[in-house]
Amino acid sequence: MRDALARLPIPQRLLTALLLLLGALIAPHAANLNPLILVFFFSAMLWRLIAQRRPGIMPGRWLLMLLTMGALVLVIFTTNVIDGRLAGTALLAVMLGLKLLELRARRDIHVTIFLGYFLVLTQFLYDQSLWLAGYLFAGVVALLSLQVGLNRVNIELRLQLRNTLAMLVSALPLALVVFLLFPRLHGPLWGVSSSGASTGISEEMTLGNIGSLTRSNDIAFRVRFFDETPDPDERYWRGPVLWNTDGQRWSAGTHPLRSLPSVEGDGSAIKYEITLEPTGSYWLFGLDVVIGKPPSSRLNGNFSLVGDQRVHRRLSYRASSDPDYRLLALSEFERRMALQLPQHVSSRVRALVTEWQRQTNPDRPLELVRKALDYFSNQTFVYTLSPGTLEGDAMEQFLFETRRGFCEHYAGSFALLMRLAGIPSRVVVGYQGGERNPHADHWVVRQSDAHAWTEVWVPKLGWWRVDPTAAVAPERIEQSINPALSQNAGQVVFRVDDDGMLGGLWRNAAWLADAVDLGWHQWVVGFTAERQNNLLQMFGLRNLKGLGLAIALMIGSALAITLVYLIAQIPRSKAQDPLPAMWQRLLHKLQRAGVKAPPWHGPDTICHVAAQAFPQASDDLAAINRLYVQMRYGRNEDRRQIAALRKRINRLRLKRG
Amino acid sequence: MALVDLMRVEQVSASGRAEIGARRIYILPTRYGFIFAALLFLMLLGSVNYANNPAHLLTFLLAGLASNAIYLTWRNLRGLRLVCKGASPIFADEHGRFIVELEKSESERPAIQLMFEDSEPELLDLRAGSGRFSRELILSPMPRGMQRLGRLVVTTQYPLGLLRAWCYLECDRPVLVYPRPGEQWAPTGEEGEETLDGDYGRGNEDFVGLRKYIAGDQPSQIDWKSYARGRGLNTRMFSGQTSAPLWIDWQEAPGGDVEAKISALARAVLDADARGRPYGLKTPEGTVPPALGPVHRHHCLRHLALFGSNHA
């Protein structure tokens, strides 16, 4: 069948808009693609833009072939072909550039718009943030309205944009239903290479590394509690547990514990969901101490959560914890590990511990713990982000001379003091605290909440959490650190919400953005098979898989399509021209008064006839006629008097005189 | 024929009006529709492979749009009311102009394509509003006779171009095609046989004056210049001898075969009409008595156009 649309000339303005739009859509790839690829694309785009004015410079067939070969060579030499994602994106970018150079007919524009949609998809493979998604969505709206414009004769941008938005809204129900019900695979279809540096807590503690982390305002993870929220002093987010030390460095130790010790609690579990920012490591965090682990992870012998895969992208998981836990068992091997000392411990430190041992009952190790904590709180210890450098015997210097330190100083030295006293102890790193987002029901834990604390082994009590930082700076447990202020002051400054109205507004906006961002992650980016299952369970569809899911998908889609169809069938009261409606109102009034106004009579005649029947109203009728004729047959600018006309028609009284 | 019977064709009423019914519309993907489907499949593969949910969402959104486009494309045709006005008679080898009027409705109907199965397509955006929008379809040249046009096909691809919806309209508005005029020739009696009794003002040679227009005067005799000057309608009077009617006779027409003769006769009719001399037509199928004027000319040409067909 002949297609007249395809034979229309290329709409030049539409093409210009498309070229610029494609440039805007490829721009975020500057972070991913080799600059040469982008240079190739933008040169092609510029070439085509200039060719809009001078069609003579469009490349011929041979030049185009040469360019194609050149582009392929460029892709092969600039891109690691093993990374399918990157190679594919680079190929798409150069292909799109080449397509622009051979764009001569209307049908080529169709294909170019299609490639534009694919380009948007490739952006998501690198960045799934809400902000980029918003930008790309605007791009899709623009692409779509260009596509609509391409399929009509006269292009009217404003009308098209409105139609496009209406189309998008009516496409949403189906898109959402399919999105929620489409089966999610657990692994990729083919190899997906991953990369990314490790950020956040690591399984090693050197003096200063947590302090440096604390200077970052970045979000470590967000938590949503399902029913009860733990108290501030229970908000310890457990990460790796460190056993080995040389006096300055603490590390996990070479013999990872495999067996899970027994745990005793009162059975009341706090249920929550964590959305972890990418870390590049296997560690997951959970409220101290996790008793219900999320799938695709395991609890190691230290009750630390370890994921099956490195966390390279945001990850949401659900877990449950019991804050009143008791980790009971302590094997002989563990006891030895928990008592190891560095090769050199200064005599001054030993003397201090011996003094404490003398003063306390050796059967009650908690007395000695108390002694040590008192030492930290009674002496002039300062909790600071800039403790200065420790030379020589770091331990001795810190405990007796500088007395300035951050949580790792206190946790490290406290654990060592306990070991010297014969009390098994270890260091736990993780996060402590968190801030509640007032606009959403979730908590935000930042890198500045990174923390280190200790656990000591007490018979019958088991591993007992002791946080020496709390002895030095009790406010640390209640409040979060304000990294921006702490950086300048050296002294740790806590977050206090007293920064005036403007600051309050800013903080509010930031919290709102945080809430939206988490929602985007939980409902879109992090919508995994597990979350899908949870959702289906809410509808009573337990364990829906394979065929069942396919049937649900079909029924859901059918419902969505029917819904949109039914809504589209509802007759809309259109925003009509008010003038004819007003005229109808006048005719209705006249008719009731007995004036005949057949449809073939114009306003002049009707008003004349009416004025004859009602001489008293003749002035009013003349005025109405003048206004109506003026606006109905005049220019649009004269429509200001529409209110006056309405008033006159409403006030018109027809009484037989 | 069975296939044609199965086809859903909208019948145009005797007055030429038709409304495209919801059940008469065909819809199939276009070439772009298939390309788009392939694109969606690729996008889905990418989304699934990289377990990328925003990509999933984008893919499903585009799929939703394509799915809705089925409805929107169909709706662009449904309920479209049009009037087939028909085409004025034309000569063979000429392009006829078939007039179709489309009725505007509350919502716009962009990119409506009108086409007879063997004519050039016409494309238009029908705006929202009231009233009608008229469009001429250029017909391809046809041989003489009463020519039936094929079905009128109304097509649209709006809004996304992924689908084509179309509807067949059977519209019974045949076009009369006059024979192609042949070479000039002179029928006998062209030069002379003038009657002697002159009839003032009824001749056709020398201008003698004007008189007031009387209904029925030929438009070619009206003095349009004086009308334009605001002097009302006047008819020009000519003196001279009233010509005896010229008989255009089949027997005299040059040419070997029937078609050649018909062409020659058509030429003679046109010439006689141009000269303003009353003429009559004689063919083996009948006689058109002598007269003058556009209606008479039409009768003669129609007689020739339908020569040899059942219509005569």
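The values are calculated or read from the model by the stated rules, or taken from the named source; none is laboratory data. Since this is a predicted model, take the numbers as computed values, not measurements. Cβ sites come from the backbone with ideal geometry, for glycine too, and all protein chains shown count toward neighbours.
Annotations for the structure displayed:
- Single condition A:Ile109 does not satisfy, out of (1) within 9 Å of chain B (Cβ to nearest Cβ); (2) touching a Leu at 6+ places or on another chain (Cβ under 7 Å): (1)
- Qualifying residue in segment B:15-26 (condition: at pLDDT 90 or above and of a type outside the set (D, E, K, R)): yes
- Candidates A:Leu144, A:Leu161, filtered to the one that is crowded, with 16+ Cβ neighbours inside 10 Å, assigned by TED's automatic domain parsing to the domain that holds A:Arg61 and in a helix (DSSP H, G or I): A:Leu144
- Restricting attention to segment A:363-419, the residues being over 19 Å from A:Asp449 (Cα atoms) and part of a helix (DSSP H, G or I) number 30.
- Qualifying residues in segment B:62-77 (those that are farther than 15 Å from A:Thr164 by Cβ and aliphatic (A, V, I, L, M)) - the one nearest to the other protein chains (Cβ to nearest Cβ): B:Ala63
- For segment A:149-158, a residue qualifies if it is assigned to a helix (DSSP H, G or I) and buried (at least 22 other Cβ atoms within 10 Å of the Cβ), and the qualifying residues are A:Gly149, A:Leu150.
Rundown of residues vs (1) surrounded by 13 or more Cβ atoms within 10 Å (Cβ to Cβ); (2) at pLDDT below 85, yes/no style:
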| position | (1), (2) |
| --- | --- |
| A:His588 | no, no |
| A:Lys596 | no, yes |
| A:Pro599 | no, yes |
| A:Asn625 | yes, no |
| A:Lys647 | no, no |
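- Subset of segment A:299-325 (residues that are over 30 Å from A:Phe124 (Cα atoms) and either in a strand (DSSP E or B) or not charged (D, E, K, R) (or both)): A:Leu299, A:Asn300, A:Gly301, A:Asn302, A:Phe303, A:Ser304, A:Ser320, A:Ser321, A:Pro323, A:Tyr325
- Looking only at segment B:147-165, and only at residues there that are under 21 Å from the mean Cα position of the chain (by Cα) and surrounded by 19 or more Cβ atoms within 10 Å (Cβ to Cβ), the one that is farthest from the other protein chains (Cβ to nearest Cβ): B:Leu149
- Scanning segment B:105-136 for residues that are surrounded by fewer than 17 Cβ atoms within 10 Å (Cβ to Cβ) and either closer than 20 Å to B:Met146 by Cα or touching a Gly at 6+ places or on another chain (Cβ under 6 Å) (or both) yields B:Glu117, B:Asp118, B:Glu136.
- Scanning segment B:105-141 for residues that are basic (Lys, Arg) and in a strand (DSSP E or B) yields B:Arg109, B:Arg132, B:Arg135.
- Flag for B:Leu58 being part of a strand (DSSP E or B), within 9 Å of chain A (Cβ to nearest Cβ) and either in contact with a strand residue (DSSP E or B) (Cβ under 9 Å, 6 or more places away or on another chain) or crowded, with 21+ Cβ neighbours inside 10 Å (or both): no
- Looking only at segment B:105-121, and only at residues there that are in contact with an Asp or Glu (Cβ under 9 Å, 6 or more places away or on another chain) and facing chain A (nearest Cβ under 7 Å), the one that is farthest from B:Pro143 (Cα to Cα): B:Pro110
- Positions within segment A:319-331 being of a type outside the set (Gly, Ala, Ser) and without any contact (Cβ under 8 Å) to a residue 60 or more places away in the chain, in sequence order: A:Asp322, A:Asp324
- Only one of the numbered conditions (1) in contact (Cβ under 8 Å) with a residue 40 or more places away in the chain; (2) closer than 20 Å to B:Arg164 by Cα is not met by B:Gly96, and that is (2).
- B:Leu102 vs. criteria of a type in the set (A, V, I, L, M, F, W, C), part of a strand (DSSP E or B) and within 11 Å of chain A (Cβ to nearest Cβ): no
- Number of the exception - A:Leu8 against (1) surrounded by 13 or more Cβ atoms within 10 Å (Cβ to Cβ); (2) away from chain B (no Cβ under 14 Å): (2)
- Of the criteria (1) within 11 Å of chain B (Cβ to nearest Cβ); (2) assigned to a helix (DSSP H, G or I); (3) modelled with pLDDT of 80 or more, which one A:Phe527 fails: (2)
- Considering the conditions (1) surrounded by 20 or more Cβ atoms within 10 Å (Cβ to Cβ); (2) within 12 Å of another protein chain (Cβ to nearest Cβ), B:Arg144 is excluded by exactly one of them, (2).
Yes or no, residue by residue, for (1) among the charged types (D, E, K, R); (2) closer than 27 Å to A:Gln340 by Cβ; (3) free of Cβ contacts under 8 Å to residues at least 12 places away in the same chain; (4) in contact with a Lys or Arg (Cβ under 8 Å, 6 or more places away or on another chain):
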| position | (1), (2), (3), (4) |
| --- | --- |
| A:Phe381 | no, yes, no, yes |
| A:Gly388 | no, no, no, yes |
| A:Ala415 | no, yes, no, yes |
| A:Ile423 | no, yes, no, no |
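- Residues that are of a type in the set (A, V, I, L, M, F, W, C) and crowded, with 21+ Cβ neighbours inside 10 Å, drawn from segment B:88-104: B:Phe98, B:Val100
- Criterion (within 7 Å of chain A (Cβ to nearest Cβ) and not small (Gly, Ala, Ser)) met by exactly one of B:Leu44, B:Leu39, B:Leu28, B:Leu80: B:Leu39
- Applying a threshold of 6 Å to beta carbon distances and a minimum spacing of six or more residues, or different chains, the list of pairs starting in segment A:297-310 at a residue that is in contact (Cβ under 8 Å) with a residue 60 or more places away in the chain and ending at one that is of a type in the set (A, V, I, L, M) and assigned to a loop (DSSP other than H, G, I, E, B) reads A:Phe303/A:Val289.
- A:Ser386 being of a type in the set (Gly, Ala, Ser), assigned by TED's automatic domain parsing to the domain that holds A:Ile219, modelled with pLDDT of 80 or more and over 30 Å from A:Leu330 (Cβ atoms): no
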